[in-house]
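The structure appears below as structure tokens.
The values are calculated or read from the model by the stated rules, or taken from the named source; none is laboratory data. The structure displayed is predicted, hence computed values, not measured ones. Ideal geometry is used to build each Cβ from the backbone, glycine not excepted, and the neighbour counts take in all protein chains shown.
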Amino acid sequence: MSVILSICIPTYKMAQYLDYALKSIAEQVTKEQLKQLEICISDNASPDNTTEIVKKWQKDSVVSIKYFCHQENKGMDENLLQVVKMAAGKYCWFLGSDDALMPDAIARIIREIGSADDPDIIFCNRIECDMGMNPKVNKPWLKQPKKDCLFNLAYDKSFIGYSKSVSSLGGLFSYLSSLVFKRSRWLDVKGYESYIGHHYLHIFMLFKFLEKGCKVKYVYDPLVYCRINDVYEKLFGHTKRLIHDLNAYSLLAEMTIKEKPDVLRAFNKLMYREHSYRNVWSYSACEPERKQWEEVIPYLRKFNYPEWVIYISTIRWLSKILYRV
């Protein structure tokens, strides 16, 4: 029997969590699933004991585990490309190495893969947890429907309608561990090279599926436990995180939908939802270096934020007042 599902884990310096992630997979795999499933781990030259942990699991686990370790850190995007390259499954499921699968998640995804819907992308909700993996909240990616749903999406009115139901960018494939996709569609994507280095290659690749039309299955149930751990924001601060997001998404829009104004407007509205006016002002209020904030303004204009919103963001004391209102 050929492999149906490859669970693809890109990792870097996450040994303290990787063991838990692998355990969450191994504990739920049934005898019938063993030949249908594999785990692929691509390690970005971690300086910790990641290799030892993987070797232990390769020795003890009944699930097939493939492991590749780069000689140097290639960055997040190259690591994603590598882990999919390793896979043999008809579908790939990304799993962040600090996240974990919920019980019966694999069985649920295998059922979706075998359904008559024949989806190109499957994405599920998640349970947000603290760093100790204690569940805190479930925030669905879509406002409606509050049930499973199949969407037929392309760069047209179908995306515009879909975008109205999206509550955050997780509905636009931003959260890695929610994503299951046809490996053949990923391998067919062209022109991704100039997007490498923006840390969101997975969003670009899956969004490009829509170019030829794409069936997207939304699984309303949460299937993943997510540790809320924004490493980028901790390392570089709120403002640089905002710049990073706006830059990556503006390039995504430029490379895919810039010639489709109606779709682009719907895309921009999603950004407003994720980074609302009040959210922008809160970032401004927390940024003491005004020269740093000036770097944000061109990106806000790219997404057509109103000039009055931008003007308020340049006045820190006013931003402090208004984001609290």
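Quick one: which of Glu32, Glu52 is modelled with pLDDT of 95 or more, surrounded by fewer than 18 Cβ atoms within 10 Å (Cβ to Cβ) and either closer than 18 Å to Glu78 by Cα or over 23 Å from the mean Cα position of the chain (by Cα) (or both)? Explain how you work it out, then say what you get.
Details: Glu32 fails: modelled with pLDDT of 95 or more.
Answer to the selection: Glu52.
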Index of the failed condition, Asp130 passing every other in (1) out of contact with any helix residue (DSSP H, G or I) (no Cβ under 6 Å at 6 or more places or on another chain); (2) at pLDDT 95 or above; (3) surrounded by fewer than 17 Cβ atoms within 10 Å (Cβ to Cβ): (2)
Out of Lys208, Lys215, sole residue that is in a strand (DSSP E or B), farther than 22 Å from Pro103 by Cα, among the charged types (D, E, K, R) and at pLDDT 95 or above: Lys215
Check on Ser2, in contact with a Gly (Cβ under 9 Å, 6 or more places away or on another chain), modelled with pLDDT of 95 or more, of a type in the set (S, T, N, Q) and under 26 Å from Ser184 (Cα atoms): no
Among the candidates Arg273, Arg278, Arg316, Arg290, residue that is in contact (Cβ under 8 Å) with a residue 40 or more places away in the chain, among the basic types (Lys, Arg) and farther than 30 Å from Val189 by Cβ: Arg278
Condition check for Asn49: closer than 23 Å to Tyr175 by Cβ and either without any contact (Cβ under 8 Å) to a residue 60 or more places away in the chain or in contact with a helix residue (DSSP H, G or I) (Cβ under 9 Å, 6 or more places away or on another chain) (or both): no
Failed item, numbered, when Gln58 is tested on (1) touching a residue at least 24 places away in the same chain (Cβ under 8 Å); (2) over 22 Å from the mean Cα position of the chain (by Cα); (3) within 18 Å of Pro10 (Cβ to Cβ); (4) not in a strand (DSSP E or B): (1)
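For Asp19, indicate whether it is more than 26 Å from Phe173 (Cα to Cα) and either aromatic (Phe, Trp, Tyr) or without any contact (Cβ under 8 Å) to a residue 40 or more places away in the chain (or both). Walk me through how you get there before you give the answer.
On the way: more than 26 Å from Phe173 (Cα to Cα): no; either aromatic (Phe, Trp, Tyr) or without any contact (Cβ under 8 Å) to a residue 40 or more places away in the chain (or both): yes.
Answer is no for this residue.
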Criterion violated by Gly96 - all others in (1) surrounded by 15 or more Cβ atoms within 10 Å (Cβ to Cβ); (2) in contact with a strand residue (DSSP E or B) (Cβ under 6 Å, 6 or more places away or on another chain); (3) not aliphatic (A, V, I, L, M) satisfied: (2)
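So, Asn134, is that one more than 20 Å from Val263 (Cβ to Cβ), of a type in the set (S, T, N, Q) and out of contact with any Leu (no Cβ under 6 Å at 6 or more places or on another chain) or not? If you could, list the steps in order and put the result at the bottom.
Working: more than 20 Å from Val263 (Cβ to Cβ): yes; of a type in the set (S, T, N, Q): yes; out of contact with any Leu (no Cβ under 6 Å at 6 or more places or on another chain): yes.
Taking the combined requirement at face value, the residue satisfies it.
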